[in-house]
Amino acid sequence: NHPHHQHQSGSTPGQNPPGSQGLSTRRELYERDFPVYKQPVEVGCFSLDSERRFFNDSRQMRYYVEPDRNPNFDLRDGYKDRFIKRDDSVKEKLDHILRWIVANRSKLNSRVTPASSCALDVDFVTWRGHLTKLLTTPYETREGWLLAVTRFRGTLYISEVETEAARRERENRTERHEEMMYWGYKFEQYTCADNIHSLPDPGGVVNTNEAFCTVVQTRLADHRLLFSGEVDCRDKDPNAPAPPACYVELKTSAEICTPKQRSNLHRFKLLKWWAQSFLPGVPRVVAGFRDHEGVVVSMETFHISKISHLIKNEYNCWKPTVCMNFCCDFLSFVKHVATEDNPSVVYLFSWEPHRDVTYSIHRDSHYSFLPHWYVEEMTS
Ligand code: A3P
Ligand code: MG
Ligand code: MG
């Protein structure tokens, strides 16, 4: 058995029940048939404006405009004088998704049978980004995570808690790293227009408060999921397929000059890109490859459905089935552990590389994340 199954996190008011062990993240345990993952269905969307205000509509949707063969986008342009950065010390938890749920409850309670045991007809509500972290966990060797879970009216809400290590990294980023984080957003500005008739405006301000988010419903094995994720842009052709199939994910990455660099892209970056877009059913990633000075020198489209074939040539590479089976087993573990239905109880699941997933239980603590306005709204 795994030598680390006894590991428990530091200050744990609660304890794992006797005989229960953590959940292993060893890859070989998850190499079985690909689990059922239903085609994700978009059930709504919302927008966050330049001041991070919520709107129950698609006002922040942007439209992909295919660039020239030799783009020459200078990603450093505007970093000093045309950049408004979101304050990432503000933790929004699930608040925007909860606001969307309150505004769209009628769309979700399709089964109005009195026998229905939960207020929402889903088992889990979370951010797509949290699920992406779960999918990549069996292959992650550097960064651990903390996920807070609350069971409320039969639904399990999963909200990330920043680890100490992540907080230290965030507070001690180098100037180079800060600037490179801007590059990804600048690339979006070079390739996206505000409506189907306009063109990108590289002279404008980059404001990372702005976001367009899709809300999708799907099922992973017996887990009914409702989650939201930020979408970079969509195909501007009005005859493009319905969301999420018309969505496009944009990425930047270092230019590829050697076979080794191509192999590393497949082994490490494509894992993250695949996990992020596969979950909401976004079919393609458009990558801009940049040199060390931050100039995009080439573009490449990756179709999510073809990534699993692309990586089959890599030795000792990641496998989509391992990602999905681990996520599925983690959700089963959560259902089994988080049994008390109480909006002020948090089951805190924690994981560090080379360890098992463990948990602790917290009542009325600073980990509680369901806001009173949401609890009241859903109780009435
Ligand atoms: P790139 O990844 O293309 O460089 P997303 O690709 O998910 O839409 O995110 C947009 C940009 O936000 C990224 O662009 C990157 O610059 C920045 N970003 C996203 N997640 C990040 C993270 N975990 N750490 C640092 N920067 C991040
Ligand atoms: Mg994005
Ligand atoms: Mg992107």
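The numbers here are math on the coordinates, done by the rules we state, and not lab data. None of the values given here were measured: they were computed from a predicted structure. No Cβ is skipped: glycine too gets one built from the backbone with ideal geometry, and neighbour counts run over all protein chains shown.
Things to note:
- The lone exception for ARG267 - which of (1) in contact with a helix residue (DSSP H, G or I) (Cβ under 7 Å, 6 or more places away or on another chain); (2) outside any loop (DSSP other than H, G, I, E, B) it fails: (1)
- Top-ranked residue in the range 207-223 [being surrounded by fewer than 18 Cβ atoms within 10 Å (Cβ to Cβ) and over 13 Å from LEU48 (Cβ atoms); ranked as nearest to ligand 2 (Cβ to nearest atom)]: ARG219
- Screening the range 270-284 for residues that are near ligand 1 (Cβ under 9 Å from one of its atoms) and farther than 18 Å from CYS213 by Cβ and picking the one that is surrounded by the most Cβ atoms within 10 Å (Cβ to Cβ) gives TRP273.
- Test: residue in the range 311-318 that is within 16 Å of ligand 2 (Cβ to nearest atom), β-branched (Val, Ile, Thr) and more than 28 Å from PHE349 (Cβ to Cβ): no
- Some residue of the range 246-262 being crowded, with 19+ Cβ neighbours inside 10 Å and away from ligand 2 (no atom under 16 Å from the Cβ): no
Per-residue answers, yes or no, for (1) in contact with a helix residue (DSSP H, G or I) (Cβ under 7 Å, 6 or more places away or on another chain); (2) free of Cβ contacts under 8 Å to residues at least 60 places away in the same chain; (3) farther than 27 Å from SER24 by Cα:
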{"residue": "PHE83", "(1), (2), (3)": "yes, no, yes"}
{"residue": "VAL90", "(1), (2), (3)": "no, yes, yes"}
{"residue": "LEU135", "(1), (2), (3)": "yes, no, no"}
{"residue": "GLU171", "(1), (2), (3)": "no, yes, yes"}
{"residue": "ARG176", "(1), (2), (3)": "no, yes, yes"}
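- Counting only residues that are assigned to a loop (DSSP other than H, G, I, E, B) and within 16 Å of ligand 1 (Cβ to nearest atom), the range 235-251 holds 1 of them.
- Of all residues in the range 235-253 being among the aliphatic types (A, V, I, L, M) and in contact (Cβ under 8 Å) with a residue 40 or more places away in the chain, the one that is farthest from ligand 3 (Cβ to nearest atom): ALA242
- For the range 267-301, taking the residues that are of a type in the set (Lys, Arg) and more than 14 Å from LYS133 (Cα to Cα), the one that is farthest from ligand 2 (Cβ to nearest atom) is identified as ARG267.
- Every listed requirement among (1) closer than 30 Å to SER344 by Cβ; (2) away from ligand 3 (no atom under 16 Å from the Cβ) is met by THR174 save one, (1).
- Check on GLU164, charged (D, E, K, R) and farther than 22 Å from HIS292 by Cα: yes
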